[in-house]
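A.B. asks: Below is one structure. I have some questions about it.
The values are calculated or read from the model by the stated rules, or taken from the named source; none is laboratory data. For clarity, every value in this text was computed on a predicted model and none was experimentally measured. All Cβ positions, glycine included, derive from the backbone under ideal geometry; neighbour counts span all protein chains shown. Side chains are part of the model used for accessible areas, which takes the heavy atoms of the whole protein and leaves out ligands, DNA and RNA. Shrake-Rupley method; radii C 1.70, N 1.55, O 1.52, S 1.80 Å.
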Amino acid sequence: MTLMECLVAMVVLTISAAIMASSVQAGLAAQEDALAMTLAGTAAESRISDYLARSYETIAAVDVTEAIGTMTSLSGDAFSGSYGRLGRRTQVTSANLTVPDFPGLLVPGYLIDVTVFDTWAGAQRKLVSLQRFRPRTIEESGVTP
Amino acid sequence: MRMTRCTRRAFTLIEMLIATVITTMIAATVIALIGGLAGALAIQDLRSEAIVRGAGLQSHLGLLSLKTRMTLALSEQRVLLWLPAETLAESGSGSDSAFDRIDLVDDELHWLEFAQEADESWSLIEWTVKAEAVPAGESAVYFSTDSEFWDNLFVQLRDTDQLRRSPIAVNLAPPLVAGVAAAAPRFIWQSADICVNRSIGAEFAFVALEGDAELRSDMRMESALAFFDRHPICTES
């Protein structure tokens, strides 16, 4: 084998290794995104649960953004380490729900909209957005059915 | 007879040295690449596990919280969920009779427990009553807001082999809370008062070892009790 053949082999090997490494890197990046979305889903669900579990009269319209790495539960507990790269926006608005099968029926309540985000290439990226309606129940309205 | 003379010459020392250097460089590159790949695969394994098992746990917790009307006992390592056998229409009527009696053979009680295994990892276990193991005439349990009562019932049923142990997740670890590893995975809730509490959740971590390095993914999941229904005894007390 000449020196030239050796050099060519080395170049070919290096290119193959670079391709392999970049494909693994791409796979890791995709998986990191998938994990971030899974965590974002639990963080969003957690905030929705906070609101669904509250008594109706303690809910108020808000628009709050927790910056990246500062998410807490309503009781003030900090989220654990893996959530450090996520932030969360919670919008609660007063809304009425209409029921298609019951014309004229309006169910008062709050629309809870939670968006979890991170940063990607210097810009904010939305990972998960969940919406849930919290109706005012008959018991909470004080009306006897 | 004519003698032929071999015209091929041997490698020179310089050629051998160059070849050795090149081979060493290639070997070093391949070893580094394999090492890097092994590390990357370990990270991929952990992430895949966290994604799949995390989603599975969230789904299971969601299903349980959909069926649960009250949490009867709350502690960091064990919670008791009450899933009444009565229909919503019956229990929603406010009738005391629909609630007074908990029937062990009707799968109304589900304990979730973080249990430490012999290898020091943690498992999330769901304990349910084995209907066939409950002696005839001993299936009625009357409602109590005393968590000690439920803990004693759990120990009694477990020690007499009347509980079915179903692992929901294994190889769990304590989560990092505010940068510090907690002593154990734990359950979380909205209120320690069972007559008020309307949510249940869990905090834990998936951990894998890559050489000396620890790879971890912390999880915190919560779910509201969709059909929370306060037992009449809460109002009476």
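A.B. asks: Just need a number here: residues in the range A:55-86 that are open to solvent by 20 Å² or more (accessible area, probe 1.4 Å), touching a residue at least 60 places away in the same chain (Cβ under 8 Å) and in a loop (DSSP other than H, G, I, E, B).
C.D. replies: 1
A.B. asks: Looking at the range A:12-38, which of its residues are more than 7 Å from every other protein chain (Cβ to nearest Cβ) and within 11 Å of the chain's Cα centre (by Cα)?
C.D. replies: Scanning the range A:12-38 gives A:Ala36, A:Met37.
A.B. asks: Just a yes or no: is a residue in the range A:132-143 free of Cβ contacts under 8 Å to residues at least 12 places away in the same chain, under 29 Å from B:Gly179 (Cα atoms) and open to solvent by less than 80 Å² (accessible area, probe 1.4 Å)?
C.D. replies: No.
A.B. asks: Pull up the range A:39-50, narrow it to residues that are within 8 Å of another protein chain (Cβ to nearest Cβ) and in contact (Cβ under 8 Å) with a residue 40 or more places away in the chain, then point me to the one that is nearest to B:Leu215 (Cα to Cα).
C.D. replies: A:Leu39
A.B. asks: Another question, if that's okay. What is the number of the single condition among (1) at negative phi; (2) open to solvent by 60 Å² or more (accessible area, probe 1.4 Å); (3) within 11 Å of another protein chain (Cβ to nearest Cβ) that B:Glu214 does not meet?
C.D. replies: Among (1) at negative phi; (2) open to solvent by 60 Å² or more (accessible area, probe 1.4 Å); (3) within 11 Å of another protein chain (Cβ to nearest Cβ), B:Glu214 violates only (3).
A.B. asks: Let me ask you something else. In the range B:15-38, which residue that is in contact with a Leu (Cβ under 9 Å, 6 or more places away or on another chain) and open to solvent by less than 50 Å² (accessible area, probe 1.4 Å) is nearest to A:Ala36 (Cα to Cα)?
C.D. replies: Within the range B:15-38, the match that is nearest to A:Ala36 (Cα to Cα) is B:Ile26.
A.B. asks: Here is a further query. Identify the residue in the range B:167-183 that is open to solvent by less than 40 Å² (accessible area, probe 1.4 Å) and not in a strand (DSSP E or B) and, among all such residues, is farthest from B:Ala208 (Cα to Cα).
C.D. replies: That would be B:Ala182.
A.B. asks: Of all residues in the range B:60-98, which are at pLDDT 65 or above, outside any loop (DSSP other than H, G, I, E, B) and in contact with a helix residue (DSSP H, G or I) (Cβ under 9 Å, 6 or more places away or on another chain)?
C.D. replies: Across the range B:60-98, the qualifying residues are B:Gly62, B:Ser65, B:Met70, B:Leu72, B:Ala73, B:Leu74, B:Arg78, B:Leu80, B:Leu81.
A.B. asks: Here is a further query. Go through the range A:64-100 and count every residue that is more than 15 Å from A:Glu45 (Cβ to Cβ), small (Gly, Ala, Ser) and at the interface with chain B (Cβ under 10 Å from one of its Cβ atoms).
C.D. replies: Residues meeting the conditions: 6.
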